[in-house]
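The values are calculated or read from the model by the stated rules, or taken from the named source; none is laboratory data. Small disclaimer: the values here were computed from a predicted structure and weren't measured. Every residue, glycine as well, gets a Cβ built from its backbone with ideal geometry; the counts of neighbours run over all protein chains shown. Accessible surface areas use protein heavy atoms only, side chains included; no ligands, DNA or RNA. Shrake-Rupley method; radii C 1.70, N 1.55, O 1.52, S 1.80 Å.
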Amino acid sequence: MNQARRQAYLTLIESLLAWDREEQTAILQANLELLDDDFAKYLREWATETLPNLDADKAETRAKILYNLDIKISNLQQGSRISNIEIAIACLDIGLTIFTREAYSEKWAIFQNSIANSYLYRIKGDRGENLERAIAAFEAALSVYTREAFPENWAMIQNNLATAYSDRIQGDRGDNLERAEDAYELAFSVSSPYDFPENWARIQYARGYSYLDRIRGDKQNNLERAIAFFEAALQVYTRDAFPENWAMTQNNLGEAYRNRISGDRGDNLERAIKLYQAALQVPIRQAFPEKWADTQNNLATAYCLRIKGDKDKNIERAIAFYEAALQVYTRPAFPEQWAGTQNNLAQAYSLRIKRDRGDNLERAIAFYEAALQVYTPEAFPEYRAGTQNNLATAYWLRIKGDRHKNIERAIEFYQAALEFRTPTTLPLDCLETAGNLGNLGYDESLWETAIFGYEKAIEAIEQTREWVTSQTRKRQLIEENLNIYEKMMQSCINHQQYHKAVQTVERSKSRYLVELFTNSAIYPKTATESEKQQLRNLRSQIAASQQFLETETSSPPLPPPLSKGGPAGWINCREAK
């Protein structure tokens, strides 16, 4: 940086130090062009040169001013979000050289909580490492803010720590979400709607958000719990008293209804749309543009999924809402949200009825590839895997280009997504991607590909069944996915892997599939007479002895239709949070 720039930075710092905190926001807004990464660097240099020369009282005053500046710049809606967070971190790092744990334990803990929050939302640097630093700082704050001495602050930091674990990249995803729920439970244990109503509502909201994302347990029950927590939060977060919080709770309640399994799907989506529209009635665009864009994004996704109304018009409305969100979600300011909206726009164009189908798919592919520029394996592995799944589907459906190459690329992207979406860590996501890969192989007579995909899908079903306690739900999971077992069985027969076909029938625990296998006359086209006889013998053995069937399935479910359809889960728009 040149000397003139350094002088401008120094003048800005002196102005911020000279005025009280009520004036700091106005000063920052008047000097937005100076709020860049170099200002954060200069701030550290300035502190190194000046703070050692101050007496204890002046140093403490400077630390307090820096803390207030952190709050002001963290809440600043103008300028670069990336740079604002870097400046906030610099303010807190400098403050911690004055507020040591030994001399100022309580203030030190406040700074640890604040710097953890900054790393929680930091854009620069490795996302996984930022979250680890946030977790470490929250846990450091808890070493001072104990439950006995500071119950309200302790609960607040437990809530923040839960948010960090909810987003954590390192470690097992399921374990992280369970750890988050444990922290929410601790925070909830010292809060009540009477003593600390705002904190209580904040925790209710956060727990609802946690159950929206939860991997373990029954998805249906998780969503019902999310709805209950959000509705509890609304007892305190009324529109008059907390308009912003009310709006965001309406938004996330909409998310829960949009994904709800219980009840009528069409009615749930209509409820979600009304909740999103209610959230947008609060004038939050100027004060909270990011939250406004979140709701635009989510409303668009609801229209993508909408069952009622004209499909063509629903998709066009979705595209319009996504494009509105991009007025705020620019790549420089909000790279993560920008990428999510690119992914969602791609899905809308994939479903679009208007204009040329081939052109719409080309636009979808371009949007997915744009999202992957931000969704790197290091920073956003989960979102990257979801986008790779969607991009694979777009190549499978692609009209333009060489068909053989399109199929090859689709397989590559599905397999890449399955490196993260494993049966044990993300079983429902794995079921979606693996089922898609299996269906692609089945439709294209690529039996090895089909078998690989269906095997992963079946492992994911079995993992999900382990996490579900209801016997009825366990049975439903098999019945809902019988087509996967059936296609796996037929793929194994076509590929002459007869014993694997038998294993599939056994794993399905379905009388319907047993009868289909034993009564079927399906043989591989290239099978020799000896191989056909081997298969007939296996069928006879199973027909004679069905001991492997569990009593879990008391009556045969209706057989699912087999179709070349489209990939399962084509709509899984990334949820803005």
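A few remarks follow.
- Backbone phi angles across the stretch 499-505, fed through the Karplus curve with coefficients 6.51, -1.76 and 1.60 (θ = phi - 60°), yield HN-Hα couplings of 5, 5, 5, 5, 4, 5, 4 Hz in residue order; Gly and Pro are listed as x.
- For the pair Asp172 and Leu10 in one chain, pulling the backbone fully straight at 0.36 nm per residue adds 53.7 nm over the alpha carbon distance.
- Relative compactness, the stretch 272-414, computed as alpha-carbon Rg over 2.2 N^0.38 Å: 1.08
- Placing Val514, Val190 in order of accessible area, with the largest value first and a 1.4 Å probe, yields Val190, Val514.
- Over 18 Å between alpha carbons, listed pairs Lys274/Lys354; Lys487/Lys509; Lys311/Lys354; Lys219/Lys474; Lys124/Lys291: Lys274/Lys354; Lys124/Lys291
- Unit charges on C-beta of K, R, D, E only; dipole of the stretch 374-487, Debye: 280
- Put a dot 7 Å past the Cα of Glu198, heading toward its Cβ, do the same for Asn537, and the two dots end up 7.8 nm apart.
- At a probe radius of 1.4 angstrom, the accessible area of the chain per residue rounds to 44 square angstrom.
- Read-out mean projected area of the Cα convex hull in nm², derived from the coordinates shown; its label in (i) 31.0; (ii) 40.1; (iii) 35.8: (i)
- Inverse mean reciprocal Cα-Cα distance (Kirkwood Rh) of the stretch 1-155, Å: 16.1
- Here is the size of the stretch 142-290 from its Cα atoms: Rg then Dmax, 15.9, 50 Å.
- Two-site FRET efficiency, Glu462 against Gln286, from Cβ-Cβ distance with R₀ of 41 Å, rounded to 0.05: 0.20
- Ordering Asn439, His404, Leu426 by the projection of their Cα atoms onto the charge dipole of the stretch 400-451, which places +1 on the Cβ of Lys and Arg and -1 on the Cβ of Asp and Glu, puts His404 at the extreme positive end.
- Rounded to the nearest 10 Å², the accessible area of Met248 at probe 1.4 Å: 20
- Lys308 contributes an accessible area of around 90 Å² to the protein surface, as traced by a 1.4 Å probe with all chains present.
- In sequence order, calculated HN-Hα J values of the stretch 452-462 (Karplus, 6.51, -1.76, 1.60; Hz; x Gly/Pro): 4, x, 5, 4, 4, 4, 5, 4, 5, 4, 5
- Relative contact order of the chain, taken over Cα pairs closer than 8 Å and 6 or more residues apart, is 8 percent.
- The stretch 343-461, relative contact order in percent, only Cα pairs under 8 angstrom and at least six apart counted: 18
- Maximal additional length on extending the Thr472-Ala26 stretch stands at 154.5 nm, based on 0.36 nm per residue less the C-alpha distance.
- Inter-label distance, nm, simple model (7 Å from Cα along the C-beta direction), Asp264/Asp310: 2.3
- FRET efficiency for the Thr526 to Glu479 pair, using the beta carbon distance and R₀ = 22 Å, is estimated at 0.05.
- Isotropic mean projected area of the C-alpha convex hull, the stretch 369-478 (nm²): 7.5
- Spatial offset of the stretch 131-201 relative to the stretch 387-415 amounts to 42 Å, using the alpha carbon center of each.
- A dipole drawn for the chain from +1 and -1 charges on Cβ atoms has a positive end, and of Asn297, Ile27, Phe196 the residue lying farthest that way is Asn297.
- In the distance distribution for the stretch 175-233, Cα-Cα pairs more than 19 Å apart total 24 percent.
- Gained length - Lys400 relative to Ala366, 0.36 nm times residue gap less alpha-carbon distance: 10.9 nm
- Cα centroids of the stretch 441-467 and the stretch 241-299: 35 Å apart.
- Amide H contacts for Gln496 (H built 1.01 Å from N in the peptide plane; partners 5 or more residues away or on another chain; cut-off under 5 Å): none found.
- Per-residue surface analysis assigns Arg409 an accessible area of about 90 Å², computed on protein heavy atoms at 1.4 Å probe radius.
- Sorting Arg239, Arg173 by accessible area puts them as Arg239, Arg173; the probe is 1.4 Å, largest comes first, and only protein heavy atoms count.
- Counting all C-alpha pairs of the stretch 444-523, share separated by more than 21 Å (%): 26
- Per-pair calculated FRET efficiency, R0 = 35 Å: Asp182 and Asp57 via Cβ, rounded to 0.05: 0.25
- For the stretch 308-373 versus the stretch 1-45, the gap between their alpha-carbon centres in whole angstrom: 38
- Nonpolar atom fraction for the chain, defined as the carbon and sulfur part of the 1.4 Å probe accessible area, stands at 48 percent.
- From phi via Karplus (6.51, -1.76, 1.60), per-residue ³J(HN,Hα) for the stretch 314-327 in Hz, x at Gly/Pro: 4, 5, 5, 5, 4, 4, 4, 5, 4, 5, 5, 4, 5, 5
- Ratio Rg/Rh, restricted to the stretch 72-189 and using Cα atoms, in which Rh is the Kirkwood radius: 0.98
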